[in-house]
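Visitor: Please find one structure pasted underneath; my questions will follow.
The values are calculated or read from the model by the stated rules, or taken from the named source; none is laboratory data. Just so it is clear, the model here is predicted, and its values are computed rather than measured. Virtual Cβ from ideal backbone geometry, glycine too; neighbours counted across all protein chains shown.
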Amino acid sequence: MRTYPALELTWPTRPDNAHLERLLAEIDIDGPTALEERDAGARVFFPSADLRRRAASRIIALDPSATCTPIDVPDENWAERSQADLAPVTVGRLTVDPGAPPRGKNPEVIFIRPSMGFGTGHHASTRLCLALMQRTSLRGRRVLDVGTGSGVLAIAACRLGAAGAVGIDHDQDALVAARESVDANGETETVALFSFDLATTAAIPGAPFDVVVANLTGGLLVREAARLADATARGGQVIASGFMTDEEDAVFSVFERFGLTRAHRLEEEGWVGVLFARHGAMG
C-alpha cells in the first residue's frame, strides 16, 4: 500500500486558522500537497520525506511552540473520506462539485474529486480566482494556470470560453489529480498539463498567454512576478491570489514594477485576489 509522508503538527493550544494558513505559506518552498485539520492541530502532507524534513526544521524555527512528528500515512482514500461531505460551491456562473462524476458535460458545473491536489473550490483563494476570471472576457483566449493543483481553474477557463488552457505544476500527485479532473470534465482537447517548476525551469511552455492565473502564495508571487509578467502577452491580464491582506502591498508593488496595473481587487476571509492588466513595455 502506498504511503504519504506527513507531519503531525500539535500545539499546547490549537492555533486559529489564520495562524495555520500563514505557517503553510512560509513553508510553501517545501511543497506541501495537502492539509488535514485535526482535533489537536493539523496534518500536512509532502511529496517526499526529504521535503518533510526540511519543512519540519522550518516550522520549528518559525514557531517553537509547535510539535512536529513525522508520520507515513497509508493511502486508504483519506481525502475522499475527509471531504465526502463537501457541498458544491457556486461562484458566478460556475459550480464546482466534489460529489458524483457527471453523466454528461454541463458547461456550468465542474466536477473535482477530492484528492492530494488542492482545488475543490472550498478555499477562498480558489473562489477569488473563479470570480476574477468572470470579470474579464476569456472567449477565444489562451490561459495559463500556474500551480494548477486539481486543474479546476484551467477547466473553468475553458468553460468560460477560452480557446485553450495550459496547467503547470511541479507536484506529480497534483498533476495526476488534474489529469483525472480534465478527463472527467471532458476537457481533454482543450486543457494541456505539464510538469513544471518555476524555480528551476526557464521557459514556460506556450508563453506568452492572453491570461495568466496564479493561485500561489504571497512569497511565490513576489519572487516570480517577473516571470509571470513575461509570460503574459501585451494587453493581457494576470489573475493572482493566495495571499493575505498584510501581503498585498508587496504583491501589488512588484507586479506594478513589471508593467501591470490593478483592474479589480476582491477580498474574502482575509484573502486577496487581484486582476492585473499588462500595458506597454516592462520597466
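Visitor: Any idea which residue in region 66-108 is surrounded by the most Cβ atoms within 10 Å (Cβ to Cβ), counting only those that are among the polar types (S, T, N, Q) and modelled with pLDDT under 90?
Guide: Gln83
Visitor: Quick one: is Val238 buried (at least 24 other Cβ atoms within 10 Å of the Cβ) and touching a residue at least 60 places away in the same chain (Cβ under 8 Å)?
Guide: Here the answer is no, as Val238 does not meet what is asked.
Visitor: Quick check on region 267-280: of everything there that is surrounded by fewer than 18 Cβ atoms within 10 Å (Cβ to Cβ) and at pLDDT 95 or above, which residue is farthest from Ala162 (Cα to Cα)?
Guide: This residue is Glu267.
Visitor: Which numbered condition in (1) under 24 Å from Ser137 (Cα atoms); (2) of a type in the set (D, E, K, R); (3) free of Cβ contacts under 8 Å to residues at least 40 places away in the same chain is the only one that Asp230 fails?
Guide: It fails just one condition, (3).
Visitor: If Leu175 meets every condition in (1) under 20 Å from Leu51 (Cα atoms); (2) surrounded by 23 or more Cβ atoms within 10 Å (Cβ to Cβ); (3) of a type in the set (A, V, I, L, M, F, W, C) apart from one, which number is that one?
Guide: If we test Leu175 against (1) under 20 Å from Leu51 (Cα atoms); (2) surrounded by 23 or more Cβ atoms within 10 Å (Cβ to Cβ); (3) of a type in the set (A, V, I, L, M, F, W, C), just (2) comes out false.
Visitor: Within region 241-250, count every residue that is buried (at least 24 other Cβ atoms within 10 Å of the Cβ) and farther than 18 Å from Ala156 by Cβ.
Guide: So the count comes out to 1.
Each row is one residue, and each column tells you yes or no for (1) free of Cβ contacts under 8 Å to residues at least 24 places away in the same chain; (2) buried (at least 17 other Cβ atoms within 10 Å of the Cβ); (3) small (Gly, Ala, Ser).
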{"position": "Ile112", "(1), (2), (3)": "no, yes, no"}
{"position": "Arg141", "(1), (2), (3)": "no, yes, no"}
{"position": "Gly149", "(1), (2), (3)": "no, yes, yes"}
{"position": "Leu160", "(1), (2), (3)": "no, yes, no"}
{"position": "Asp169", "(1), (2), (3)": "no, yes, no"}
{"position": "Asp183", "(1), (2), (3)": "yes, no, no"}
{"position": "Leu198", "(1), (2), (3)": "no, yes, no"}
{"position": "Pro205", "(1), (2), (3)": "no, no, no"}
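One line per residue, one yes/no per condition, for (1) among the polar types (S, T, N, Q); (2) closer than 22 Å to Phe196 by Cα:
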site: Val238; (1), (2): no, yes
site: Ser241; (1), (2): yes, yes
site: Val254; (1), (2): no, no
site: Val272; (1), (2): no, no
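Visitor: Working only within region 248-268, note down all residues that are farther than 14 Å from Cys129 by Cβ, out of contact with any Leu (no Cβ under 6 Å at 6 or more places or on another chain) and of a type outside the set (Phe, Trp, Tyr).
Guide: Selection gives Glu248, Asp249, Ala250, Ser253, Val254, Glu256, Arg257, Gly259, Leu260, Thr261, Arg262.
Visitor: Restricting attention to region 121-143, does a residue exist that is modelled with pLDDT under 80, outside any strand (DSSP E or B) and among the polar types (S, T, N, Q)?
Guide: No, region 121-143 contains no residue that is modelled with pLDDT under 80, outside any strand (DSSP E or B) and among the polar types (S, T, N, Q).
Visitor: From Gly242, Gly283, Gly219, Gly206, grab the single residue that is modelled with pLDDT under 95 and outside the structural domain of Thr136 (by TED's automatic domain parsing).
Guide: Answer to the selection: Gly283.
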